[in-house]
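The values are calculated or read from the model by the stated rules, or taken from the named source; none is laboratory data. None of these values were measured; they are calculated from a predicted model. Because the Cβ atoms are built from the backbone with ideal geometry, glycine has one as well, and the counts that use them run over all protein chains shown.
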Amino acid sequence: MGKLLKFEFAKLIKAKVFYICLFVSIAIVFIFGLVADADSPSVNSLYFFKSFTEFSLITTVIAIPICIFVCEDAQCGAEKTVLGRGVSRSKFFFAKYISSLIAYMLFVLITMAATYIFAIIKFNYYVDDTLVPFIFLVLLGLFMFHALFFAISTILGKNGFAIAMAILIPTILQLLMMLLEHVIDLENFSFQIFSFNDILNTFVRYTEWNKDLTWSTVLSIVYPVLFIGAAHEVYVRKEN
Amino acid sequence: MEYVIETKNLSKKFKTKLAANNVNMHIEKGSIYGFIGKNGAGKTTVMKLILGLLRPSGGEITINGSEDLNKQRARIGSLIEDPGIYKNCSAFENMKRYSILFNTSDAEIKAILKIVDLDKTGKKVAGQFSLGMKQRLGIAISLLGHPDILILDEPINGLDPAGIKQVRDTILRLNKEKGITFLISSHLLDELAKITTHYGIIRDGVLLEEISAKELMDRCVTNIKIVVDNPEEASKLLQTKKLINKYEIKDKAIYLYDSLDHPELIVEALVRDEFKVYEVSKNESAFENYFIERIGR
């Protein structure tokens, strides 16, 4: 497993697409910050930091390198070369999952750090005790998005298709939940809580613990378990 | 006989199609086994089954006499369909990346790149390589970790004559110098015939025949057939006149296996001694015909 992880990390370090997307992501932060009104009394550093995360472009941009990274081995034939040497499919799958998760989290943390630095430079410095839980909750939400992107890429195996699906599926799920809500009108219950975007938005809006937050926390753990479990099953049964 | 790869009734079914049908394959240690069949005959399927890239529908595989296949597969290098190279990396970087899995030193990487004649490609990325260079890099990757066996699926497909020669020379060198056993699939009979020691002929998923190159040559040797009124007497005459040496008589005809360059001298001698010559024919494409009869047109 150690060798497989090293193999995957060696690939990650050379993946230009990660650096390009990281640059794009940080550039978006700067553009977003530049157009924001720094003189507005309601805009402070914490507000900018949270609202940029809510803007959630970060979840779209990161889908690209993750899908390319995961699909690359299958597309170039490296997967056959490695698996043909008797390497366990499960181990190869989890090596890919762990390395892509670490890369994803680094990507997110670097973008968040850039956003925070930009926020405290340009806007009135303000911080309260919601900042640390906010960061953890957002990371939990993005952990769910990573599992989704990883599962889609593993199952589809073609990066163009995987990128398109990774971007579309959260929106499709949100639309389906809206439709379901329209058809089945339940009192005191919104189907929207199942949508990925709603889960992330619940985390972003965090001020104090509530029922929605509990639901979102549970789902952001249940979804990755389901996605990774399903993707693993598909992968080990897959034939090259 | 020591077989490095042996299959017993190996089968693979894709929905309704039986891509490999009770294949019993025997690959001897140190041999170059040419796997011959038309496109879609089942060559790649059998290779993938051996490598564990496909799950068999039935049958058994043993590698180096063992059924612990994943352990034994660590001793097999392969090049199946795509060479498995990262286009944004140089030849050395590609090898270096894979070397993580096989504990290979930089010195060994350089030595392997020299074997496949890619040691002077420098920083040129693999995406800019010619098809032949990519194939050779694929072979180089498959050589990492000192494999005993190499499985190469159509390694000369799409290569120009120079590229074919380079790959062929590499295979021969590795077989002779390192004792590596090869399983090579191809539908290019002439090219395969230059290196192969054993053949397996597959058609519609069925392994029709396994034959050594020597047995094949014995069966497919070029000959001249002479149909004459008294073959026994005629052959004695030709021997006395030292016109023939190696021959056989069957079905009232003389089959000559030497003196093939001047059939006119033989006919002249027979006619002068008043033998009646009904037919003289030269069978030159026995080798190709042998395969075509089996694999189908």
- Query: If you take the residues in the range A:74-102 that are in contact with an Asp or Glu (Cβ under 9 Å, 6 or more places away or on another chain) and away from chain B (no Cβ under 14 Å), which one is surrounded by the fewest Cβ atoms within 10 Å (Cβ to Cβ)?
  - Reply: A:Ile98
- Scanning the range A:7-33 for residues that are free of Cβ contacts under 8 Å to residues at least 12 places away in the same chain and farther than 30 Å from B:Ile100 by Cα, the one nearest to the other protein chains (Cβ to nearest Cβ) turns out to be A:Ala27
- Residues that are at pLDDT below 90 and under 30 Å from B:Ile112 (Cα atoms), drawn from the range B:200-233: B:Ser212, B:Ala213
- So which residues in the range B:52-80 are crowded, with 16+ Cβ neighbours inside 10 Å, under 14 Å from A:Lys80 (Cα atoms) and not aliphatic (A, V, I, L, M), if there are any at all? B:Gly52, B:Arg73, B:Gly77, B:Ser78
- Task: Of the conditions (1) within 13 Å of chain A (Cβ to nearest Cβ); (2) under 29 Å from the mean Cα position of the chain (by Cα); (3) of a type outside the set (A, V, I, L, M); (4) crowded, with 16+ Cβ neighbours inside 10 Å, B:Asp119 clears all except one; give me its number.
- Result: (1)
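Which residues, counting only those in the range B:254-273, are over 19 Å from B:Asp218 (Cβ atoms) and not β-branched (Val, Ile, Thr)?
Of the residues in the range B:254-273, the ones over 19 Å from B:Asp218 (Cβ atoms) are B:261-273.
Once the filter is applied, which keeps residues that are over 19 Å from B:Asp218 (Cβ atoms) and not β-branched (Val, Ile, Thr), the range B:254-273 yields B:Asp261, B:His262, B:Pro263, B:Glu264, B:Leu265, B:Glu268, B:Ala269, B:Leu270, B:Arg272, B:Asp273.
Quick grid of which residues meet (1) under 25 Å from A:Ser88 (Cα atoms); (2) assigned to a helix (DSSP H, G or I); (3) touching a helix residue (DSSP H, G or I) at 6+ places or on another chain (Cβ under 6 Å); (4) assigned by TED's automatic domain parsing to the domain that holds B:Asp204:
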residue	(1), (2), (3), (4)
B:Thr7	yes, no, no, yes
B:Lys12	yes, no, yes, yes
B:Asn21	no, no, no, yes
B:Gly30	no, no, no, yes
B:Gly40	no, no, no, yes
B:Thr45	yes, yes, no, yes
B:Ile50	yes, yes, no, yes
B:Thr62	yes, no, no, yes
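Filter the range B:145-170 for residues that are among the aliphatic types (A, V, I, L, M) and either touching a helix residue (DSSP H, G or I) at 6+ places or on another chain (Cβ under 8 Å) or not assigned by TED's automatic domain parsing to the domain that holds B:Leu51 (or both) and give the result. Talk me through it step by step, then tell me what you get.
Start the filter on the range B:145-170 by keeping residues that are among the aliphatic types (A, V, I, L, M), which leaves B:149-152, B:156, B:159, B:162, B:164, B:167.
Those that are among the aliphatic types (A, V, I, L, M) and either touching a helix residue (DSSP H, G or I) at 6+ places or on another chain (Cβ under 8 Å) or not assigned by TED's automatic domain parsing to the domain that holds B:Leu51 (or both): B:Leu150, B:Ile151, B:Leu152, B:Ile156, B:Leu159, B:Ala162, B:Ile164, B:Val167.
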- Task: Just one of (1) more than 30 Å from the chain's Cα centre (by Cα); (2) surrounded by fewer than 14 Cβ atoms within 10 Å (Cβ to Cβ); (3) in a helix (DSSP H, G or I) trips up B:Glu279, so point out which.
- Result: (3)
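Which residue out of A:Leu175, A:Leu137, A:Leu180 is closer than 13 Å to A:Lys50 by Cα, at pLDDT 85 or above and not charged (D, E, K, R)?
On the way: A:Leu175 fails: closer than 13 Å to A:Lys50 by Cα; A:Leu180 fails: closer than 13 Å to A:Lys50 by Cα.
Going through A:Leu175, A:Leu137, A:Leu180 in turn, the sole match is A:Leu137.
Is it fair to say B:Ile195 is within 18 Å of the chain's Cα centre (by Cα), of a type outside the set (D, E, K, R) and outside any strand (DSSP E or B)? Explain how you work it out, then say what you get.
Working: within 18 Å of the chain's Cα centre (by Cα): yes; of a type outside the set (D, E, K, R): yes; outside any strand (DSSP E or B): yes.
The answer is yes for B:Ile195.
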- helices (runs of 4 or more DSSP H) completely within the range A:1-93 that count 2 or more residues being hydroxyl-bearing (Ser, Thr, Tyr): A:16-35, A:45-55, A:57-61
- Message: Criterion first (more than 12 Å from chain A (Cβ to nearest Cβ), within 22 Å of A:Lys6 (Cα to Cα) and in contact (Cβ under 8 Å) with a residue 40 or more places away in the chain) does B:Ala126 satisfy it?
- Response: no
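Anything in the range B:229-253 that is out of contact with any Leu (no Cβ under 8 Å at 6 or more places or on another chain) and touching a residue at least 12 places away in the same chain (Cβ under 8 Å)? List them, or say none. Show your work before the answer.
Just the residues of the range B:229-253 that are out of contact with any Leu (no Cβ under 8 Å at 6 or more places or on another chain), to begin with: B:229-233, B:235-236, B:239-242, B:245, B:248-253.
The answer is B:Asp229, B:Asn230, B:Pro231, B:Glu232, B:Glu233, B:Ser235, B:Lys241, B:Asn245, B:Ile249, B:Lys252, B:Ala253.
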- Report, by residue number, each residue of the range B:82-97 that is at the interface with chain A (Cβ under 8 Å from one of its Cβ atoms) and in contact with a Ser or Thr (Cβ under 7 Å, 6 or more places away or on another chain). B:Gly84
- Task: Give the range A:197-218 a look and list any residue that's at pLDDT 85 or above, touching a Phe, Trp or Tyr at 6+ places or on another chain (Cβ under 7 Å) and of a type outside the set (S, T, N, Q), or say none.
- Result: A:Leu213
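Can you pull out the residues in the range B:255-264 that are under 32 Å from the mean Cα position of the chain (by Cα) and at pLDDT 80 or above? Don't jump to the end; show me each part of the working.
If we filter the range B:255-264 for residues that are under 32 Å from the mean Cα position of the chain (by Cα), which is where we start, we get B:255-261.
Of everything in the range B:255-264, those that are under 32 Å from the mean Cα position of the chain (by Cα) and at pLDDT 80 or above turn out to be B:Tyr255, B:Leu256.
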- Here are B:Glu264, B:Glu274, B:Glu268, B:Glu233: which of them is surrounded by fewer than 11 Cβ atoms within 10 Å (Cβ to Cβ) and part of a helix (DSSP H, G or I)? B:Glu264
- Task: Spot the failing condition for B:Pro83; the list is (1) assigned to a loop (DSSP other than H, G, I, E, B); (2) at pLDDT 90 or above; (3) at negative phi, and only one is missed.
- Result: (2)
- Note on the structure: Going through (1) within 11 Å of the chain's Cα centre (by Cα); (2) surrounded by fewer than 17 Cβ atoms within 10 Å (Cβ to Cβ) one by one, B:Lys178 fails only at (1)
- Item | In the range B:56-75, the residues that are facing chain A (nearest Cβ under 7 Å) and either under 16 Å from A:Lys11 (Cβ atoms) or in contact (Cβ under 8 Å) with a residue 24 or more places away in the chain (or both) | B:Ala74
- Item | Unmet criterion (only one of (1) away from every other protein chain (no Cβ under 14 Å); (2) under 12 Å from the mean Cα position of the chain (by Cα); (3) at positive phi) for B:Glu154 | (1)
